Amino acid sequence: MISSIKTIAILFIGLFFACESAESKKIKPSNLNDKPNIIIILTDDQGYADVGFNGSKDILTPNIDKIAEHGVVFSNGYVSHPYCSPSRAGLMTGRYQQRFGHEHNVPYAPKDSTMGTSKNEVFLSKKLKEAGYSTCAIGKWHLGDHPSFLPPERGFDHWFGFSGGNMNYWGYPYSKNKTMHIQRNGKNVDPKELTYLTDDFTDEALSYITQHKKDPFFMYLSYNAPHSPDHATKKYLKKTEHIEYGSRSVYGAMIAGVDAGVGKIDSLLKTLGLRENTIIIFLSDNGGRLDGANNGHFRGHKGMLFEGGIRVPFAISWPSQLPQGTTYNQPITSLDIFGTCLAAAEIKADKKQPLDGKNLLPYLNQNNKEAPHEALFWRVANGQEYAVRKGTYKLIRSAYKNKTMLFDLSKDEMELNDISLQKPEILQELETRYQQWNNELAAPKWTDAHMQNVRKEETNVQNIRIKSLSKKERENIKL
Ligand SMILES: [Ca+2]
């Protein structure tokens, strides 16, 4: 009898939770209101030196610089891939994206339920939502176009943006057969309601913050600026009329749009009294694009594993908890965002999905003086290109240059002097470390045009160089 009562009770409780499962996720723990809001502001193809906090003198970013002023700048802040979609897959999962086959840009395939970030992977948004956070994604997605891969399926309560990797800034239907629209929670938005996407994304962010000022919220604000196409407004072009190089002038105007948005968000958070306990993380998804961007003294650009392709403008601010106006110099990665946000929200990581990223809070608070990572790894095009950074050394296998090189970044941040012949033991050690890591990875699930682009671009660059020579020198050159 007792056991049958127990069974009934268990069944009842089970039924109760089954009925309440959707609702129960919204029940807030007593201390939920103390949890920080988290805003990730991701830009697209912005160069390392195209923010004031990394020394930009022509493109001014006074509002983005406030994040640095009230937080920590990462001087050695990396992303896990030199271009868009794989870099975002790493950021959202806290894991090297090659572990689950997301090694290339996902093709635009809105009808294909296999083309997107593996459904086995748990996104940061999902973890935060389960812990009671309100969650919101705004802007570019690029992690799969089929509805089963879109933000609502990955832990976001609210979504406003576009699924693919590229969009005109007026929000007109785009990509193959003009099927890609700006969407709000699964419904296409009429382009007539839109103004300029950067401003529209900012407005959506402001509205969400206002509506959720009493919740802890997580916002993934993924501006497509300053990615192509080069679209700007008169207001933002005014900010860069002093830049006498057309392409950079427009690129700078697109960044000015983001900076204006960051300023409005910062002001609203202050007005609502939320800024002190809000974490803002700012970074670019990869190095500066080929045309118009400035990666400072770093070699290369978006697409390359030289520093210019993977070291990005990167800063974190949490005024109530982290130091302000400081720089952290140890190498860190966008994969660390996941673990850092979980720790800030006091959420345990999932043992079934071991993170490659670390919780950076103890390092930023100076409690831990060690380097967060013994080594960082990159793999592109199924190993046709790869890189390892360990300490100050960096090994790079470049398909552009068709060779393997070793640099000591403490003496040579520009990656000018290949020391692979002088330091064969270091070269070998880093090669071995790469192979060990590589053995843990999956095969790419799909491919993209990266290798064709590499060959085309390198040929173009070398042809321009050769053309500059006298006939005599040209005849003697070997590529
Ligand atoms: Ca990008």
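None of the figures in this text is laboratory data; all of them are computed from the coordinates on show. What you see is a predicted model, and the numbers here were worked out from it, not measured in a lab. Neighbour counts run over all protein chains shown; Cβ positions are idealised from the backbone, glycine included.
Taking 8 Å as the Cα distance limit and 6 or more residues as the minimum spacing, I'd like the relative contact order of the chain as a percentage. Provide the component values of the computation, followed by the final result.
Numbers: 988 pairs, mean separation 108.7, N = 479.
For the chain, the relative contact order is 23 percent.
Based on the mean of other beta carbon atoms within 10 Å per residue, what is the order of 137-146, 329-338, most packed first? Let's see the in-between values first.
On the way: 137-146: 26.2, 329-338: 23.3.
Output ranking for 137-146, 329-338: 137-146, 329-338.
Using modelled backbone amide H atoms (1.01 Å from N, in-plane), which distant-in-sequence or interchain residues come within less than 5 Å of Gly47's amide H?
Gly288, Arg289, Asn294
Checking the table Lys192/Lys264; Lys369/Lys411; Lys140/Lys401 against a 30 Å threshold on Cα-Cα, which pairs fail?
Values: Lys192/Lys264 23 Å; Lys369/Lys411 22 Å; Lys140/Lys401 32 Å.
Going by Cα-Cα distance, Lys140/Lys401 fall outside the 30 Å limit.
Using mean Cβ contacts within 10 Å as the protection proxy, how do 164-174, 465-475, 233-243, 38-48 order, highest first? Walk me through the intermediate numbers first.
Values: 164-174: 19.1, 465-475: 9.2, 233-243: 14.9, 38-48: 26.8.
Descending mean neighbour count gives 38-48, 164-174, 233-243, 465-475.
In degrees from 0 to 90, rounded to the nearest 10, what is the angle of the helix 246-271 Cα long axis to the longest principal axis of the chain?
On a 0 to 90 degree scale, this one is about 30.
What is the packing order of peptides 221-232, 264-275, taking the mean over residues of other C-beta atoms within 10 Å and listing the highest first? All intermediate terms of the calculation are to be shown ahead of the outcome.
On the way: 221-232: 23.0, 264-275: 16.1.
Going by the mean number of other Cβ atoms within 10 Å, highest first, we get 221-232, 264-275.
For the stretch 293-307, in order, what is each residue's ³J(HN,Hα) by Karplus, 6.51 cos²θ - 1.76 cosθ + 1.60 with θ = phi - 60°, in whole Hz (x at glycine and Pro)?
My calculation for the stretch 293-307 gives 8, 10, 9, x, 8, 7, 6, x, 7, 2, x, 9, 8, 5, 3 Hz in order.
Let me check I've understood the local charge: for Leu290, count other residues with C-beta under 10 angstrom from its C-beta, Lys and Arg +1, Asp and Glu -1. What total comes out?
Numbers: positive: Arg289, Lys302; negative: Asp45, Asp291, Glu457.
My count for the surroundings of Leu290 gives -1.
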